[in-house]
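Asks: Below is one structure. I have some questions about it.
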Amino acid sequence: MKTKTLSLTRKIQLNIDLPDYEARKEAMAKLYDWQYCCFKAANIIVTHLYCQEMIKEFVYLTEDIQYKLADVKKHENGILNRSRINSTYRVVSDRFKGQIPTDILSSLNKNLESSFNKDRPKYWSGERSLKNFRRDIGFPFDPRCMWGFKYDEDRKAFCFRLFQIPFCTYLGGDFSDKRSLLHRVLKGETRLRTSEIKLKDGKIFWLAVFDIEQEQHTLKPQVVAEASLSLEYPITVKIGSSRTAIGTKEEFLYRRLAIQAARKRALDGSTYSRGGHGRKRKLKAVYKFNEKEINYVNQRLHVYSRKLIDFCVKHQAGTLILLNQEAKIEAAQEQPFVLGNWNYYELTKKIKYKAKKAGIELLID
């Protein structure tokens with residue numbers, strides 16, 4: 001029986017592995033140029049994909065026009081002089097030739113084509129608007145563009161070259177599974193998939209996508225776990241006669257409200273903060289507390305979702321049902337305090353990911 005695999009993304013900080021400051025500065029400038037080209041190319045690709053799909057809506061064209069979004073060499077009614085995916089790639093490759101590696105444009109084109117086809121029904125029903133990309137977009141690349149991937153024992157870092165630019169990882173005091181996953185790639189136990197490089201505040205981050213095997217647990221599909229999400233108890237789960245509550249309102253809100261209060265004090269005091277660089281300098285403390293709150297909430301939701309999945313695995317529950325979620329979301333929207341301090345969507349997303357990894361079927365009622 002073939003082992004099921006799924007994609008696992010990890011955010012890893014990178015440093016440019018060059019001894020000379022000017023060389024590092026030049027390489028960084030090149031990365032920012034590639035990011036800007038990707039930003040423009042992504043918007044162009046999505047626009048062309050949308051226009052191609054909307055041709056059938058051009059009711060003002062003459063009725064004798066026959067069309068099909070296919071290569072004219074393969075279909076008599078085709079209106080393209082090449083394959084559809086190649087048409088958008090050719091547009092951006094001609095425009096940005098010599099400014100960015102074509103491998104990046106190829107990966108970007110494939111990703112956008114795939115996501116566009118996935119969201120196409122929602123575009124036509126009006127449930128989703130067309131994607132619009134910002135300047136901080138990450139640029140994708142295929143693993144075959146990386147070479148010389150190795151582990152440096154002296155620096156305790158993984159090194160590789162990407163488009164002739166040398167990089168080394170900075171893991172610091174990392175306690176997650178990033179280091180072990182990279183070692184598994186070196187040993188050939190797992191493989192990398194199309195990943196991204198993202199630039200933020202002068203730092204380089206590698207959004208590495210790993211192909212990992214699904215966890216193997218002894219689960220019984222007939223054993224059903226019923227979970228309920230609420231603010232009083234973040235998660236309440238019941239499996240047969242076993243019932244438990246994960247987290248409490250006081251536990252979750254105490255620290256979050258404390259951070260919000262500290263942020264308000266920092267905002268009140270920002271009037272008297274030293275300026276010199278405008279708004280950014282005066283609100284530096286406020287931005288720090290914003291980030292602290294985001295990190296705290298993200299960590300707590302990870303803990304709650306992990307405990308839920310572990311409880312299901314312990315009782316061999318192969319099916320997990322989240323009860324009455326739509327009604328609770330509608331009720332939360334009428335209460336500003338709940339809406340501003342609880343994260344139904346994020347918690348559901350983390351539960352969905354961990355359930356898939358453990359092989360548990362998730363149903364949302």
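Asks: If the requirement is being among the aromatic types (Phe, Trp, Tyr) and touching a helix residue (DSSP H, G or I) at 6+ places or on another chain (Cβ under 9 Å), which of these qualifies: 160, 139, 167?
Replies: Only one candidate passes the filter, namely 139.
Asks: Which numbered condition in (1) assigned to a helix (DSSP H, G or I); (2) out of contact with any Asp or Glu (no Cβ under 9 Å at 6 or more places or on another chain) is the only one that residue 256 fails?
Replies: Residue 256 satisfies all of (1) assigned to a helix (DSSP H, G or I); (2) out of contact with any Asp or Glu (no Cβ under 9 Å at 6 or more places or on another chain) except (2).
Asks: Sticking with this structure for a sec: Taking the options 241, 228, name whichever one is in contact with a strand residue (DSSP E or B) (Cβ under 7 Å, 6 or more places away or on another chain) and small (Gly, Ala, Ser).
Replies: Exactly one residue qualifies, and that residue is 228.
Asks: Can you go through 177, 201, 211 and tell me which one is at positive phi, among the charged types (D, E, K, R) and either more than 23 Å from the chain's Cα centre (by Cα) or exposed (fewer than 15 other Cβ atoms within 10 Å of the Cβ) (or both)?
Replies: Exactly one of 177, 201, 211 is at positive phi, among the charged types (D, E, K, R) and either more than 23 Å from the chain's Cα centre (by Cα) or exposed (fewer than 15 other Cβ atoms within 10 Å of the Cβ) (or both), namely 201.
Asks: In segment 324-365, what residues are in a loop (DSSP other than H, G, I, E, B) and at pLDDT 80 or above?
Replies: 359, 360
Asks: Next up: So in segment 40-57, with the set limited to residues that are among the aliphatic types (A, V, I, L, M) and touching a Lys or Arg at 6+ places or on another chain (Cβ under 9 Å), which one is most open to solvent (accessible area, probe 1.4 Å)?
Replies: Restricting to residues being among the aliphatic types (A, V, I, L, M) and touching a Lys or Arg at 6+ places or on another chain (Cβ under 9 Å), the top hit is 44.
Asks: State all residues of segment 185-215 that are out of contact with any strand residue (DSSP E or B) (no Cβ under 7 Å at 6 or more places or on another chain) and either assigned to a loop (DSSP other than H, G, I, E, B) or touching a residue at least 24 places away in the same chain (Cβ under 8 Å) (or both); if no residue qualifies, say none.
Replies: 188, 189, 199, 200, 201, 202, 215
A quick yes/no check of all residues on (1) over 15 Å from residue 9 (Cβ atoms); (2) exposed (fewer than 15 other Cβ atoms within 10 Å of the Cβ); (3) of a type outside the set (Asp, Glu):
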site: 159; (1), (2), (3): yes, no, yes
site: 172; (1), (2), (3): yes, yes, yes
site: 187; (1), (2), (3): yes, yes, yes
site: 222; (1), (2), (3): yes, yes, yes
site: 226; (1), (2), (3): yes, no, no
site: 239; (1), (2), (3): yes, no, yes
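Asks: Scanning for something touching a residue at least 24 places away in the same chain (Cβ under 8 Å), closer than 23 Å to residue 178 by Cβ, of a type in the set (Ser, Thr, Tyr) and surrounded by fewer than 17 Cβ atoms within 10 Å (Cβ to Cβ), does segment 16-39 turn up at least one residue?
Replies: no
Asks: Suppose we filter 245, 266, 261 for residues that are assigned to a helix (DSSP H, G or I), surrounded by fewer than 17 Cβ atoms within 10 Å (Cβ to Cβ), modelled with pLDDT of 80 or more and not aromatic (Phe, Trp, Tyr); which single one remains?
Replies: When all the criteria are applied, what remains is 261.
The values are calculated or read from the model by the stated rules, or taken from the named source; none is laboratory data. Computed from a predicted structure; not experimentally measured. With ideal geometry, Cβ positions are generated from the backbone for all residues, glycine too; neighbour counts draw on all protein chains shown. Accessible surface areas use protein heavy atoms only, side chains included; no ligands, DNA or RNA. Shrake-Rupley method; radii C 1.70, N 1.55, O 1.52, S 1.80 Å.
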